[in-house]
Amino acid sequence: MRSARARPDLTLVSIVCVSACNMLGFAAVFALLPKLQDKYGLPTWGLGLVTAASVLCSVYAQLTFARFADRGHAQRIMRIGIAAMCAGFLWFSFATELWQFALARAVVGFGGGMFAPAARRTVVARDPNRAGERLGMMVAVEVGGFVIGPPLAFAIYAAGGLRLPFLAPVVLLVLAGLSLRVRVRDQDQIETAVRTKGEIRSVLALPAARAALLIGAAANLSIGAFEPVIAKQLTDIGASDTAAGLTLASFALPYVFFAWYGGRVADRFGAYRTAVISMLCTVPFVAMFGLAETALAIAIVGVIRSCFDTITTPSGSAAMAHASPFKLLATGQGLYGANSSLMTGIAALAGAPIYDVWGAKALWFASAGSMLVLTVATGFLAMRAGAWNPKPGVVAPETIISADPSPA
């Protein structure tokens, strides 16, 4: 009995460790983009391209491969995703030109897009009625990688040059992936009638699912502009490498301590209502990035904004988990992730040129205004879908996903 209880824990630990390692590599890219730009002469618009390439491939992978996790291939999908992430980070570490950086990040994004929906399905399926709390815990551990990522990347860069920070995630991903063991029982697979087509359309036909997609779009709009711009903004205002690294790391601290609580709030008060209220509180702080002129000011605004994000992030995934039929859980999570990634990519492509031409104020005011419009639309659609006040027991477990001690 004791052993049986320990096995699911090993699977969960493996999943969140892989996610954390991926975030560690993401944070290294995020923090060192200005260094890469200076060393290799990358144009500012190219920083947005590097981000967008990863995002767009992630969108494709999530839309294409999430359904196979619903069909009983979660472990295989996650392992292929891990291999792709390793290959992408390895290539990125040796890249010297813009097209190489973009394609390497595209491979990483493709791997992450394969891994994430299958991982979320495995995590949520263990206890669907606590979806928000479990996803929040997963986010907290993932972002632990982001917290230590920027200062660690700067430290490794100072000690071993610009290639080494992107090699570390490769080693860590391999170690975390070796312990991954998941078995999806036969009754957890989709019926043959819907195995070949119609999964995505089935989810999109649900008004509550469409409302959940708006949550992802609104929440990720400013995040997309954030990745290629904020490190450069800190550099432009004269922040040192140490100040920039600590500032970037501070943004992630609330996720580590509060993301699990944000998920619990979503479970208690309703994912849609929680997300909308949280995003309305986030809007003014997004705008304040355009007014901040010191690293300290950016850090303060970023930490407060992140506190609200710790509520919004698990709420969005939980909303889609509640909206999706259980046998299409991974498809719903893949669709949610793809939609969020697409908005991130669009914002990254637009954000870097806007910052380059019109400056920080124009970028962050536009991001805040767009987020406000999408948030209001989310609330309206959620009310029309009847999802604003959730009924208890909306999601009921039909299957069990358990650890498998034997190799696939």
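The numbers here are math on the coordinates, done by the rules we state, and not lab data. Keep in mind that what you see is a predicted model, and the values were worked out from it rather than measured. In this analysis, Cβ positions are derived from the backbone assuming ideal geometry, glycine residues included, and neighbour counts consider all displayed protein chains.
Values for this structure:
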{"quantity": "Spin-label pair VAL373/LEU291, simplified geometry with 7 Å Cα→Cβ offset, distance in nm", "calculated": "2.3 nm"}
{"quantity": "Note, ³J(HN,Hα) from phi for region 231-242, Karplus 6.51, -1.76, 1.60, rounded to Hz, x at Gly and Pro", "calculated": "5, 5, 4, 5, 5, 5, 8, x, 6, 6, 4, 5"}
{"quantity": "Projected-area mean, region 65-114, by convex hull of Cα positions, square nanometres", "calculated": "3.0 nm²"}
{"quantity": "Kirkwood Rh, angstrom, region 216-268 [1 / mean 1/r, Cα pairs]", "calculated": "13.0 Å"}
{"quantity": "Net charge of neighbours whose Cβ lies under 15 Å from the Cβ of ALA348, counting Lys and Arg as +1 and Asp and Glu as -1", "calculated": "0"}
{"quantity": "Hull-based mean projected area of the chain, where the convex hull spans the alpha carbons, in square nanometres", "calculated": "18.1 nm²"}
{"quantity": "Count, lysine Cα pairs under 17 Å in the chain, 8 or more residues apart or across chains", "calculated": "4"}
{"quantity": "In Hz, Karplus ³J(HN,Hα) per residue of region 86-98 (6.51, -1.76, 1.60; θ = phi - 60°; x = Gly, Pro)", "calculated": "4, 4, x, 5, 4, 5, 4, 5, 10, 5, 9, 10, 4"}
{"quantity": "Most mobile of TRP91, TRP99, TRP388 in a GNM of the chain (Cα contacts under 10 Å)", "calculated": "TRP99"}
{"quantity": "Per-pair calculated FRET efficiency, R0 = 30 Å: TYR261 and ALA155 via Cβ, rounded to 0.05", "calculated": "0.50"}
{"quantity": "Gain upon complete extension [SER179, THR96; 0.36 nm per residue less C-alpha separation]", "calculated": "26.5 nm"}
